[in-house]
Structure formats: structure tokens, C-alpha cells
1. Considering region 36-72 alone, what residues qualify as being touching a helix residue (DSSP H, G or I) at 6+ places or on another chain (Cβ under 6 Å) and exposed (fewer than 15 other Cβ atoms within 10 Å of the Cβ)?
2. Go through (1) over 12 Å from residue 70 (Cβ atoms); (2) in a strand (DSSP E or B) for residue 1 and report which single condition fails.
3. Taking region 1-51 as the search range and keeping residues that are out of contact with any Ser or Thr (no Cβ under 9 Å at 6 or more places or on another chain) and among the β-branched types (Val, Ile, Thr), which one is nearest to residue 92 (Cα to Cα)?
4. For the condition farther than 15 Å from residue 75 by Cα, among the β-branched types (Val, Ile, Thr) and under 13 Å from the mean Cα position of the chain (by Cα), what is the one hit in 8, 24, 45, 62?
5. Would you point out which residue out of 19, 31 is small (Gly, Ala, Ser) and either in contact with a Phe, Trp or Tyr (Cβ under 9 Å, 6 or more places away or on another chain) or within 19 Å of residue 105 (Cβ to Cβ) (or both)?
6. Check region 49-66 and report whether any residue there is basic (Lys, Arg), farther than 20 Å from residue 103 by Cβ and assigned to a loop (DSSP other than H, G, I, E, B).
7. Residues of region 5-33 being modelled with pLDDT of 90 or more, crowded, with 16+ Cβ neighbours inside 10 Å and not basic (Lys, Arg), which ones?
8. Go through the residues of region 82-90 one by one and say whether even a single one is in contact with a strand residue (DSSP E or B) (Cβ under 7 Å, 6 or more places away or on another chain), modelled with pLDDT of 95 or more and closer than 22 Å to residue 19 by Cα.
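The values are calculated or read from the model by the stated rules, or taken from the named source; none is laboratory data. Bear in mind that the values here come from a model prediction, so they are computed numbers and not experimental data. Reconstructed Cβ throughout: ideal geometry from the backbone, glycine too, with neighbour counts over all protein chains shown.
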Amino acid sequence: MVVQRFEIWWVNLDPTIGSEVKKIRPCLVVSPNEVNQYLNTVTVIPLTSTLKLYPTRLNCIIQGKQSQLVIDQVRSIDKLRLKSKMIDLPIEYKVPITTMILEYFKL
């Protein structure tokens with residue numbers, strides 16, 4: 001399966017434990033293409049339509065719907081959880097999401 005960074009896929013995140021983001025939902029692939037090519041896992045950030053004023057959320061409009069990328073729920077998943085490609089992330093969100101990820105993991 002070919003998966004590229006900055007693609008949004010429908011992902012089955014179940015089963016989960018506790019406060020983890022659940023159900024089948026869109027997720028943004030953030031792992032590098034070089035990694036995605038060889039591993040059976042990808043790193044994703046879930047999207048939600050439940051908007052919160054958290055510093056770890058990036059507001060975005062995906063297919064006309066107000067959403068947020070939930071950076072604090074970043075996780076690696078097996079590619080078997082990927083259901084279907086939804087869209088490519090609109091270009092105007094690529095720099096902001098990359099900046100927020102770097103800030104999130106900054107020492």
C-alpha cells in the first residue's frame with residue numbers, strides 16, 4: 001500500500017483505551033515517505049470536529065467542514081487500520097502542522 005505524508009485517510013482507531021481518540025475517523029499521515037515506503041506502520045494525527053481551544057490543536061477546514069488536527073493524540077498505527085484515502089491535506093496547512101509538531105516535541 002502506497003501512503004504519502006500529508007494524505008488524509010479514513011482510519012479505524014478501535015480498539016482504544018481510556019481517553020484515546022476512538023472510532024473510524026480521518027487521520028493525517030505525518031511520517032516521512034521514506035519510512036512509509038518500507039514499514040508496515042505509519043504515524044498519524046487524528047482529526048476531530050469537536051473544537052477545543054487547546055494549544056495542541058490546529059484549526060482547519062477539510063472538505064468544507066471545520067475540523068481540528070489533534071496533535072496531542074499523534075500515534076503510530078499498522079497500515080491495516082487504513083481504510084481509504086480521503087484527500088491530500090490542503091497546502092496552506094502543511095507548514096503550520098509541521099511547525100506545531102516540531103513545537104510539541106521540542107526539548
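1. Selection gives 40 alone.
2. All conditions pass for residue 1, except number (2).
3. Per the stated criteria, the residue is 8.
4. When all the criteria are applied, what remains is 62.
5. From the options 19, 31, the qualifying one is 31.
6. Among the residues of region 49-66, not one is basic (Lys, Arg), farther than 20 Å from residue 103 by Cβ and assigned to a loop (DSSP other than H, G, I, E, B), which makes the answer no.
7. Within region 5-33, 6, 7, 8, 9, 11, 13, 26, 27, 28, 29, 30, 31 meet the criteria.
8. Yes, region 82-90 contains at least one residue that is in contact with a strand residue (DSSP E or B) (Cβ under 7 Å, 6 or more places away or on another chain), modelled with pLDDT of 95 or more and closer than 22 Å to residue 19 by Cα.
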